[in-house]
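The values are calculated or read from the model by the stated rules, or taken from the named source; none is laboratory data. Nothing here was measured: the structure is a model prediction, and the numbers come from that model. Methodologically, a virtual Cβ is constructed for each residue, glycine included, from the backbone with ideal geometry; neighbour enumeration extends over all protein chains shown. Just so you know, the surface numbers come from the protein's heavy atoms only, side chains and all, with ligands and any DNA or RNA stripped out. Shrake-Rupley method; radii C 1.70, N 1.55, O 1.52, S 1.80 Å.
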2 protein chains.
Amino acid sequence: MVNTEQSDKGQVFKSDSSSSDGFPESSRSSTPGPDSDRLHEKMRRRIESGDKWFSLEFFPPRTSSGAVNLISRFDHMAVGGPLFIDVTWHPAGDPGSDKETSSMMIASTAVNYCGLETLLHITCCNQTKDELSRHLHKARNLGLKNILALRGDPMGDEWKVEEKGFNYASDLVKHIRSEFQDYFDICVAGYPTGHPECDSYKEDLRHLKAKVDAGADFVISQLFFKPETFITFFKDCRAIGITCPILPGIFPIQGYHSLRQLVKLSKLQVPQEIKDVIEPIKDNDAAIRNYGIDLATDMCKVLLESGLVPGLHFYTLNREVATVEILKRLRLWTEDPRRALPWITSANPKRKVEDVRPIFWASRQKSYIYRTQDWDEFPNGRWGNSSSPAFGELNDYYLFYLKNNYSKDELLKMWGEELVDEKSIFDVFTAYISGESNSHGEKVTCLPWNDEPLALETSLMKKELEKVNRMGILTINSQPNINARPSTDPIVGWGPEGGFVFQKAYLEFFTSSENVPILLKVLKNYKTRVNYQIVNVKGENINNAFDLQPIAVTWGIFPGREIIQPTVVDPVSFMYWKDEAFALWIERWAKLYPAGSPSRQIVQDIHDNYYLVNLVDNDFPFENCLWQVIDDLFKLKASENTCASMTCDVTVRP
Amino acid sequence: MVNTEQSDKGQVFKSDSSSSDGFPESSRSSTPGPDSDRLHEKMRRRIESGDKWFSLEFFPPRTSSGAVNLISRFDHMAVGGPLFIDVTWHPAGDPGSDKETSSMMIASTAVNYCGLETLLHITCCNQTKDELSRHLHKARNLGLKNILALRGDPMGDEWKVEEKGFNYASDLVKHIRSEFQDYFDICVAGYPTGHPECDSYKEDLRHLKAKVDAGADFVISQLFFKPETFITFFKDCRAIGITCPILPGIFPIQGYHSLRQLVKLSKLQVPQEIKDVIEPIKDNDAAIRNYGIDLATDMCKVLLESGLVPGLHFYTLNREVATVEILKRLRLWTEDPRRALPWITSANPKRKVEDVRPIFWASRQKSYIYRTQDWDEFPNGRWGNSSSPAFGELNDYYLFYLKNNYSKDELLKMWGEELVDEKSIFDVFTAYISGESNSHGEKVTCLPWNDEPLALETSLMKKELEKVNRMGILTINSQPNINARPSTDPIVGWGPEGGFVFQKAYLEFFTSSENVPILLKVLKNYKTRVNYQIVNVKGENINNAFDLQPIAVTWGIFPGREIIQPTVVDPVSFMYWKDEAFALWIERWAKLYPAGSPSRQIVQDIHDNYYLVNLVDNDFPFENCLWQVIDDLFKLKASENTCASMTCDVTVRP
């Protein structure tokens, strides 16, 4: 009736449970079993369950601003749930280097910072064995687990066999298997109409068989224009004993010129009926794109209905619209609001057990990943299990995956071309929270600590946040308390179905040094209900943390699982975060203004004199008391000011 | 305003928090900081906070049944919260051996199985350095952390200095410090009237100073009869520079003969006014004991009021009544219902991080500790963190700390002198749950799986449990669901104040193989809401555990802390527990009857054919559905029986 497997103890375990963890298998990593996070294993499970997937191909950008845009495209397209993405190898672009536009670095960013299962192309022709090994070792060290092994294009016009060199992709596959055993999942390319340089279609099929026999796990096909082309190819592959998954490469026609260029490179023939449609509309980009979408959608439908195709591979040309539209029409684009954890997990295998992070980096997740990239172990289950954290210095504000998309001018419009006083700063924070325009009529859609507009969850507390920011409680992170909401809740839910999620209310803000002693007086009344930590840029640290222990502030209880507590307030890590939080005042904001300018000085003064405060309300089942704390602070401040002025009055009078 | 300490990062941490974890410091261990679980550190904190303590001295028993009784006395007296207990060294009783009556084994049991901070006496005279080292190494390996270093009594009447031997307790202290550095906390004895063999009181004080200078952490005094004796002694100690804690040894007079014997051994003079009271009532034990209680209570009051005494040490003579009465009168006996964790933590230092256990051993905690004694690491935070568990075999049912106090006759009266059929067994389970007498008029206060009467918590579900046991759902473990009850709740609370505790409903029972397929049909309707595992003695294992992951079934959320989840249902450990659970049918029950007897066969048949089932209701915020599951089982069973008999009727008719 059910699968049986032998346990260590030699006892039979029958299990009714499915091997999936209740999430659609996608490029975003989730808590995996020993081998279950291997790409070919994910494919196997999806094939077994009949759950079709898609994957997305990108090429490395030419410029560093192109890199920033591509990374944010990864983030956008990750939402639809690709099984993996792949990044082409660009021999002319120093593809294995540390340049931010290199194939290697783009693929590494996709894995590590965007949490995407990523397949890196590598070509072997014109490269020595040592060079290839260096690339492969580097890829492994960066956390890449999948390689698309290609021969590559010849340097000259004609391709010549090199003695002792890598002449075929199968040589590269063999080399990877002999040097890295099973570490990498390997993909190879298949040519539905035969490789253009091959003598015959049949011989090319034999080449493909040789590549698979050398150790490839799956095949992605070159583009084609008619579904029959692929279906014939697929059947021919099966006939000669190629049993692994074979994925059709879909090329949505997105413009006249890109089609021409691709055809030239791939030496493919565009069918006459397609030419007949395109030629008359060649100057109408929108019309061509719409045609391309219709054409590809129809082709994909035929392929999926054939029952031969478990997933579709898209040549995106680094563009979003056409591919997303096709996927939506095919109902393969599934914006599942459910997340495995409240934050985006990295796909680097060494981080696969990671399931706890400090809440401080909630809006700067890439920075957190960067600052912890050298850790050997990642916290699993408990934060406290990881020995005292060593965060890398963050002086690398130029790193492209930490950049946002805004120009200096745009930032100045949002944050003020000229600041008059602290109040100008309060107004920027308030405008960011409220979503209303600032005094110059500009919407404030980011802050130095938050590259994105206010999270949906945060907007649950918009009214209160707006009120306190107006008074100089400059909030940079917060969450409401949540008591046993279903894990499927569209705003605060995460984790598998059937669970319950919880949060302690959290508030983190900058405030003036004048407010701190008053806040401390107020906090005394809240005793252990409220945990607080108050620090300034010099590292003065006032807190009521018990034994400097971390506090779980987000957790979930699920069927058949241990408790997951993905975010904590860790008093030790907070000291590393505060370095970053204070530095952002200068790096992102003050430096927009000329040295010596009054505007720059205003930001500098806040950086030098303000305190960064975090508050946790431990009584999560009751109404969040943190707003009351702030209210008490201003009431006490007002009464002290009144007393002070009264006293003053009294003493002045004779 | 507050303490400041340097963190690793060189930043100043100011903390308002106290170093205690909100629990009165007692012998039961709790989650500790790096050194905070050292006995002298606990004393330091109690002295700083002015929180007086008490400690209890026991001697090793002569017989193995005496050992069983002493261990259960430890468990009773642990309830009052002693800071530590100590076990005397009995040179004539092979004190360092593995005998269950040896000083070493009694002390080890107190630490490991009763969770008591324990001080082991060791005497050095007439022992070689090697012998002493062996004892000390063994003590360390067993998890003992505190030694009371004594010279011991001479073998003959007079004591002679031995060349190269250990002649003074200070030699032993030096030896421990040189061989074990700071591993042990060391206590030494002080003699308020001078050691009987010492030339003068002053010289004896110098000896004490030498022992402390050699590395002792604190002093326990010999008994005395008047508070002034101790107070003078204390001041004299301080005057010559003994600065460590000095605890008065309190000897409650409990009987005429024990007093005479003690006086003979200790060569102390009983003051005339005490003799005058005692002599006339020397045959009236109760009168003497009452007098002893009054006398000791008065003396303790004077000592405590002197402000010199941070804690009181009681020579219990292995008895409970007098000492407990005195402590209650002094209000030092504090039966704090709060527990650090739902189960009793072991005081062995290698288990100090342990905070997760499978729920299965809830009523057999000593067995769990025994079966995991060889583990090098204990689960902290998560069960899953501990790699696949290796449980020791449990063939050692004779082990004294696993024994209960009942005789074979008592057990037969409770569980039936003669069993008629399965129903006789159902009745025993039902009587245990209901607390009502069995058919022979006997109360059933234990079962093979439960040495104690029903837990308070379990009685919350008494009505439902009684009903299902009557029908052959033979429950051996269960807990109700709990949703955010205060951690101070007297029945289900645990952990520090200000927290909230939670439970998933759990039910574990034996039932007939006939019920299993019906139960499985019923469980299908509950989908992921109910996790189940159903096994028989041969190891057949039917479950819907996801990936064989453990399920947290008890957890707590506290101020300023990560989440604690002290009990889990772990499908892998369950296979080890089932060996024990099934074996108990035979070892504890079947073997009460002669081989070949029908009664024995009835128990044997259940052992061979029944299944052990565990059920978890994951929807803890809603009403426990497990009773509904059982109800559904019997309804379906009834309807299937009806159908079956109707079908039968039809086929029989012509």
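Here are the numbers for the structure shown:
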{"item": "Hits in region A:429-454 (condition: surrounded by fewer than 20 Cβ atoms within 10 Å (Cβ to Cβ) and either more than 30 Å from residue A:63 (Cα to Cα) or outside the structural domain of residue A:490 (by the TED database) (or both))", "result": "A:434, A:435, A:436, A:437, A:438, A:439, A:440, A:441"}
{"item": "Index of the failed condition, residue B:457 passing every other in (1) modelled with pLDDT of 90 or more; (2) surrounded by fewer than 20 Cβ atoms within 10 Å (Cβ to Cβ)", "result": "(1)"}
{"item": "Every residue from region A:493-520 that is within 14 Å of another protein chain (Cβ to nearest Cβ), of a type in the set (A, V, I, L, M) and under 30 Å from residue A:604 (Cβ atoms)", "result": "A:516, A:519, A:520"}
{"item": "Verdict on residue B:350 being over 20 Å from residue B:569 (Cβ atoms), at pLDDT 90 or above and open to solvent by 50 Å² or more (accessible area, probe 1.4 Å)", "result": "yes"}
{"item": "Elements of type strands (runs of 3 or more DSSP E) contained in region A:165-274, each with 2 or more residues being over 17 Å from residue A:308 (Cα atoms) and touching a residue at least 60 places away in the same chain (Cβ under 8 Å)", "result": "A:185-190"}
{"item": "Flag for residue A:92 being over 15 Å from the mean Cα position of the chain (by Cα), aliphatic (A, V, I, L, M) and not assigned by the TED database to the domain that holds residue A:451", "result": "yes"}
{"item": "Test set (1) open to solvent by less than 10 Å² (accessible area, probe 1.4 Å); (2) out of contact with any Leu (no Cβ under 7 Å at 6 or more places or on another chain); (3) on the phi < 0 side of the Ramachandran plot - residue B:571 fails condition number", "result": "(2)"}
{"item": "Candidates A:468, A:516, filtered to the one that is in a helix (DSSP H, G or I) and surrounded by fewer than 21 Cβ atoms within 10 Å (Cβ to Cβ)", "result": "A:516"}
{"item": "Odd one out for residue A:60 among (1) at pLDDT 90 or above; (2) surrounded by fewer than 22 Cβ atoms within 10 Å (Cβ to Cβ); (3) part of a loop (DSSP other than H, G, I, E, B)", "result": "(2)"}
{"item": "Options A:83, A:136; residue that is modelled with pLDDT of 90 or more, over 18 Å from the mean Cα position of the chain (by Cα), crowded, with 16+ Cβ neighbours inside 10 Å and farther than 21 Å from residue A:404 by Cα", "result": "A:136"}
{"item": "Residue among A:469, A:404 that is under 30 Å from residue A:494 (Cα atoms) and in contact with an Asp or Glu (Cβ under 6 Å, 6 or more places away or on another chain)", "result": "A:404"}
{"item": "Residue list for region B:315-347, restricted to those being at pLDDT 90 or above and either in a helix (DSSP H, G or I) or open to solvent by 40 Å² or more (accessible area, probe 1.4 Å) (or both)", "result": "B:319, B:320, B:321, B:322, B:323, B:324, B:325, B:326, B:327, B:328, B:329, B:331"}
{"item": "Single condition residue B:462 does not satisfy, out of (1) more than 14 Å from every other protein chain (Cβ to nearest Cβ); (2) among the basic types (Lys, Arg); (3) not in a helix (DSSP H, G or I)", "result": "(3)"}
{"item": "Residues of region A:488-510 classified as touching a strand residue (DSSP E or B) at 6+ places or on another chain (Cβ under 8 Å) and buried (at least 22 other Cβ atoms within 10 Å of the Cβ), total", "result": "13"}
{"item": "Enumeration of residues in region A:387-403 that are assigned to a loop (DSSP other than H, G, I, E, B), at pLDDT 70 or above and within 19 Å of residue A:450 (Cβ to Cβ)", "result": "A:394, A:403"}
{"item": "All positions within region A:557-567 that are open to solvent by less than 20 Å² (accessible area, probe 1.4 Å) and either of a type in the set (D, E, K, R) or away from every other protein chain (no Cβ under 14 Å) (or both)", "result": "A:562"}
{"item": "Search result, residues across region B:545-556 that are surrounded by 24 or more Cβ atoms within 10 Å (Cβ to Cβ) and facing chain A (nearest Cβ under 7 Å)", "result": "B:545, B:550, B:551, B:552, B:555"}
{"item": "Meets criteria (part of a helix (DSSP H, G or I) and of a type in the set (Lys, Arg)) for residue B:538", "result": "no"}
{"item": "Residue in region B:521-535 that is nearest to the other protein chains (Cβ to nearest Cβ), counting only those that are open to solvent by less than 10 Å² (accessible area, probe 1.4 Å) and not in a strand (DSSP E or B)", "result": "B:523"}
{"item": "Test: residue in region A:568-583 that is part of a strand (DSSP E or B), under 30 Å from residue B:544 (Cα atoms), within 14 Å of chain B (Cβ to nearest Cβ) and in contact (Cβ under 8 Å) with a residue 12 or more places away in the chain", "result": "no"}
